[in-house]
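Colleague: The following block contains the structure, expressed as structure tokens.
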Amino acid sequence: MFDFLKIKNALADLGGQMATLRKDKETLMRQREDLAIAPGTKADVIAMFHAHIDEHAAHFPQRLRQAIEKNSGFGRDPNVGPDGRPQFGVLSQARRSHHNPCSATDLEESLYFILGPAIKKATADAINAMDWPSEAASLADRATQLAKLDKEIGKLEQAEGEMRRAAAAAGVIV
């Protein structure tokens, strides 16, 4: 007599294996999504602010040179006081355009150059004192971790596909 119990058990085993694969894949996909949208760490944000400060501070020397040249001809122009010093403020003159008033950005860039280390320290201290989301993840490691999860998800998808093809070859639809 034909043993239908073996067929029932084999199909239940296949169904269990497929369910485990799907569950594992869903878990990894949730981990991947959580990692992809996770906020950066405090160190990441501090590094971003410091890079911004450095980038904008780098504009100051050239703008100051242009201001000195345009406003006093390097001290040869009547725009100098009786003591020979320029009659303009360093912070307000080192700006992007000498046809427009000094903007907040111009002052900010001047301060970044002059007080950069102090501003960086104050920024880092303020960020380090903040509460931070527990799900924060390092931006530097994120791409590697995402690639690792993608590889694991790919293996599970491949295993599921192989199981489906083997079952279909035996006439079983899953």
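Colleague: Here are some pairs, K42/K120; K70/K120; K42/K121; K23/K151; which of them have Cα atoms lying more than 20 Å apart in this structure? All intermediate terms of the calculation are to be shown ahead of the outcome.
Modeller: Details: K42/K120 13 Å; K70/K120 31 Å; K42/K121 13 Å; K23/K151 16 Å.
Going by Cα-Cα distance, K70/K120 fall outside the 20 Å limit.
Colleague: On to the next question. For the stretch 1-57, with all protein chains present and a 1.4 Å probe, just round the carbon and sulfur fraction of the accessible area to a whole percent. Each step should come with its number before you reach the end.
Modeller: Working: 2510 of 3990 Å².
Here it works out to 63 percent.
Colleague: Once the piece of chain linking S134 and I37 is laid out straight, how much longer is it, given 0.36 nm per residue of separation minus the C-alpha distance between them?
Modeller: Working: separation 97, 0.36 × 97 = 34.92 nm, distance 1.29 nm.
Net length gain for the segment: 33.6 nm.
The values are calculated or read from the model by the stated rules, or taken from the named source; none is laboratory data. Note that the coordinates shown come from a computational prediction; the quantities given were computed from them, not determined experimentally. Protein only, heavy atoms only, side chains kept; ligands, DNA and RNA dropped before computing areas. Shrake-Rupley method; radii C 1.70, N 1.55, O 1.52, S 1.80 Å.
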